[in-house]
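Reviewing the structure listed below.
The values are calculated or read from the model by the stated rules, or taken from the named source; none is laboratory data. This structure is a prediction, so every number in the text was calculated from the model and none was measured. Positions of Cβ are generated from backbone atoms using ideal geometry, with glycine treated the same way; all protein chains shown enter the neighbour counts. To get the accessible areas, we keep the full protein, side chains included, count just its heavy atoms, and leave off ligands, DNA and RNA. Shrake-Rupley method; radii C 1.70, N 1.55, O 1.52, S 1.80 Å.
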Amino acid sequence: MLEISTDNELKLNDILNRYTAEEGNIISLLQDTQDVFGYIPEKSVGWFSKKLDIPESRFYGVITFYAQFHMHPRGRNLITACCGTACHVRGSDRLINSIQTELKLPEGKETTEDGEYTLEKVACVGACSIAPVVIINKKVFGEMTINRLMKELKGKKVEE
Amino acid sequence: MGTGGMAAGGSEVMEAFNREISEAGIEASVEKFCSMHKVGCRGLCAKDVLVDVIVGGKKTTYQYTKPGMVSRIVKEHLIKGEPVADWMVGEDYYSFHDKQTKVVLSDCGNIDPEKIESYFAVGGYEAAKKVLTSLSPEQTIDIIKKSGLRGRGGAGFSTGTKWEICRNTKAAQKYIICNADEGDPGAFMDRSVIEGNPHAVIEGMIIGAYSIGATKGYVYIRAEYPLAVERLRMALAQARGKNWLGKNILRSGLDFDIKIKLGAGAFVCGEETALIASIEGQRGMPRAKPPFPVHSGLWGKPTVINNVETLANIPYIIRKGADWFASFGTEKSKGTKVFALTGKVKNTGLIEVPMGMPLKEIVYDIGGGTNKGRTLKAVQTGGPSGGCIPSELIDINVDFESLAKVGSIVGSGGMVVLDNTDCMVNIAKFFLEFTQAESCGKCVPCRVGTKRLLEILSRITQGKGKEGDIELLEDLSHDIKASSLCGLGQTAPNPVLSTIRYFRNEYEAHIKESRCPAAVCKDLIEYSILADFCKGCGACMRVCSSKAITGEKKKPHSIAADVCVKCGACYDVWVFKIW
């Protein structure tokens, strides 16, 4: 859990200044927070709420509405599996199934217990012509096969 | 060098070219003969990375280029002047392009999207100049109205009329918003246009702003498109630098600037009123219309919201005239439309064709037909709001009216080809999973209705369907369509209705025989190894994460049904396919 240390307070202040300087809104404020911390720490919401005199509920309303926001830290490796139509008909389900089995992800969980991996499913990354698409740590893999995927995942594990 | 080309290794290939060329010591001639620049997407993504080599004005295009191939291309082609015939694009590359008519995409893939000069060189910003210096807003709107341009985001409303209504609404402040929240799974037209030619969109917005009297613009773009956002940011900065944005543009008295707003991952924000709520920093939930945004939109002010492709058409219409634009397409659907052709077709990619082109030509002549000798089953258009067009209707023309007649829509332009290995019930369920998850929850028919639809579809795919389920689906679908608040709910049942309409027999097979004819639905299939055919290569065993496959080398393997999670990994690597 994030503590509001002086260092973190400086970071939050910085975000707040940008927000007022550029006439931003709650969404851009939260996007910046997530950029800095990797997720939206609960305490940062309380902090912003007091500073801006906007009820916490409005923040939570926005956070829970948009798929982009996370309240918990993500894994060190981020695997994004595209579930768009083109990827679906070209077998993205099978890829996702095998990632889940390989990483031993518990049902309904996105991040592995050791915090190494997060598997995130997204609606469409818009690279449908090279479906199925899997993005591992921002590197886009097109026409992904289970063989290649397993090699990538196992390669990651060896590196550690 | 769009997202697709990057994934296929575009950057690596470019690096390799730079390296090889400098190593070969022909730096001077490189500058002169082949200016290497990044271009946006040029459509045929299936053959990425595509590289053009121009020697003495003669252009040669290479396909599937890998960094390892660059050395030979440089040595044989650039130095000796002999193109490498083995790697050149074949007939199909040209047939893919020959049938197309490019307006919006005419400059995508030829200009460097990161340089404003590159856009100037093909006549960029001339349309804006013409409008700002010699046309009144009313005259501009007239041209757009005459061209017959209809919104490319899905609904197909006349762009000129929309602008006119907003023009005639009196207010001190007005806004123009570019909707780049391309949320339809299976569609990437808008991403490619912004990645390939961001200035065309900006120019379209300047003309729109002048016509309606707006001084502020927003581009609402998905955060999932990092490359498009980056190129747009660059383009905006360049346009500001040349006074195409800012105060008193071209000394015409027009003040106009554009801000980028990043979407936060909500499909419903493609709906106008939800998009406005999101820009205002609230939950992106739609509200009842009227009042329409042209009367009361962003912060209660008159607002025009246009799709990326619509705006990118504007400069070309102004430059070449309304009659020129109206010469393409059908009587009611003018111009061209960009489609993202994907799925089970040979040439996947981005295409632009005149409205009204027969679907058959798109799938077979441009798309090159289905892969691996499979048979075409249907073409899904319009994403989660659209429907499936069965192969029997392949002769229909693709325009707003014709597609509506068969229960589908043009939508934003996603076109997913399905073959005999696709289960139509599963496809319907796929879309419902999506719309159900993306339903904002404000109105009951959509929130609860889509949930119930999904439950019924799920039980059908699990082999637990009941007699009467099909009728129940139809009944519920009609109610949801009639009573939902916004476009999301009103169109969400379309994939269900259209698959029932054309593939009722597949639903019946699932319900009555617990059988999935396409062998897709997990609960209705079982994986086993045919001992007669298994050569014991071990390929399947290696990919099996659940360790369900056992067997000795060179002897038939077997799958333990109780351990198997039916992920299908083994089926995908299976090399001795017998059908």
- For region A:6-65: rounded, prolate or oblate by the Cα gyration tensor [a/c cutoff 1.5]: rounded
- Query: Just which residues of region B:277-302 lose 40 Å² or more accessible area with every protein chain there, against their chain alone, with the probe set to 1.4 Å?
  - Reply: B:281, B:283
- Going by a ≥ b ≥ c, the root eigenvalues of the Cα gyration tensor, does region B:444-557 fall in the rounded group (a/c under 1.5), the prolate group (a/b larger than b/c) or the oblate group? prolate
- Under the Karplus curve 6.51 cos²θ - 1.76 cosθ + 1.60, θ = phi - 60°, whole-Hz ³J(HN,Hα) for region A:78-91, x wherever Gly or Pro sits: 10, 10, 10, 9, 7, 10, x, 4, 5, 5, 4, 6, 9, x
- Message: Compute the distance from the alpha-carbon center of region A:63-135 to that of region B:497-533, in whole Å.
- Response: 26
- For residue B:305, which sequence-distant residues (separation of 5 or more, or a different chain) have an amide H within less than 5 Å of its own amide H, given hydrogens modelled in the peptide plane? B:177
- Kyte-Doolittle cut-off 0.5, length cut-off 15 Å along the helix's own axis using Cα: show which whole DSSP H helices in chain B pass. B:198-212, B:424-438
- List the lysines whose alpha-carbon lies under 30 Å from that of residue B:59, not counting same-chain residues fewer than 8 positions away? B:32, B:38, B:47, B:75, B:80, B:99, B:102, B:115, B:320, B:337, B:346
- Within the accessible area of region A:6-65, what % is carbon and sulfur when the probe is 1.4 Å and the other protein chains stay in place? 47
- Query: Using a probe of 1.4 angstrom, how much of the accessible area of chain B is carbon and sulfur, in percent?
  - Reply: 52
- Note on the structure: Percent relative contact order for chain B, counting Cα pairs under 8 Å at least six residues apart, stands at 12
- Task: Using a 1.4 Å probe and counting only protein heavy atoms, arrange B:328, B:157 so the residue with the most accessible area comes first.
- Result: B:157, B:328
- Message: Once you keep just the Cα pairs under 8 angstrom separated by 6 or more residues, what percentage relative contact order results for region B:424-513?
- Response: 38
- Amide H contacts of residue B:263 (H built 1.01 Å from N, under 5 Å, at least 5 apart or other chain): B:221, B:222, B:223
- Message: Please list 3J(HN,Hα) in residue order for region B:379-390, calculated via the Karplus relation 6.51 cos²θ - 1.76 cosθ + 1.60 where θ = phi - 60°; whole Hz, with x for glycine and proline.
- Response: 10, 8, 10, x, x, x, 9, x, x, 9, 9, x
- How large is the charge dipole for region A:77-159, taken about the Cα centre, if only the Cβ atoms of Lys, Arg (+1) and Asp, Glu (-1) carry charge, to the nearest 20 debye? 300
- What angle, in degrees between 0 and 90 and rounded to the nearest 10, separates the Cα long axis of helix A:146-159 from the longest principal axis of the Cα atoms of chain A? 60
- Message: Not counting ligands, DNA or RNA, and with a 1.4 Å probe, what is residue B:78's accessible surface area in Å² rounded to the nearest 10?
- Response: 40
- Accessible area that becomes buried as B packs against A, both chains, 1.4 Å probe, Å², nearest 100: 3800
- Message: With an 8 Å Cα cut-off and a minimum separation of 6 or more residues, compute the relative contact order for region B:116-326 in percent.
- Response: 31
- Task: Write down the accessible area per residue of region B:381-526 in Å², having rolled a 1.4 Å probe over the full set of protein chains.
- Result: 38
- Message: Using a 1.4 Å probe on the protein heavy atoms only, what accessible surface does residue B:513 show? Give it in Å² to the nearest 10.
- Response: 110
- Exposure ranking of A:47, B:163, B:299, B:324 by accessible area [1.4 Å probe, largest first]: B:299, B:324, A:47, B:163
- Query: Can you run phi through the Karplus equation (6.51, -1.76, 1.60; θ = phi - 60°) for region B:350-355 and list ³J(HN,Hα) in whole Hz, with x for Gly and Pro?
  - Reply: 9, 10, 10, 10, x, 4
- So how strong a dipole does the protein assembly as shown carry about its Cα centre when Lys and Arg Cβ are +1 and Asp and Glu Cβ are -1, to the nearest 20 debye? 420
- So who's got an amide H within less than 5 Å of the one on residue B:343, skipping anything under 5 residues away but keeping other chains? H placed 1.01 Å off N, in plane. B:417
- Item | Degrees separating the helix A:6-21 axis from the principal Cα axis of chain A, which is the longest one | 80
- Does chain B come out rounded, prolate or oblate, given a ≥ b ≥ c as the square roots of the eigenvalues of its C-alpha gyration tensor, rounded meaning a/c under 1.5 and, failing that, prolate meaning a/b above b/c? oblate
- Item | Interface residues in region A:96-129 - accessible area drops by 10 Å² or more relative to the isolated chain, probe 1.4 Å | A:97, A:98, A:101, A:102, A:122, A:123, A:124, A:125, A:126, A:127, A:128, A:129
- Task: Please give the per residue accessible area of region B:116-326, computed with a probe of 1.4 Å over protein heavy atoms only, in Å².
- Result: 32
- Accessible area per residue in Å² at 1.4 Å probe, computed on region A:77-159: 42
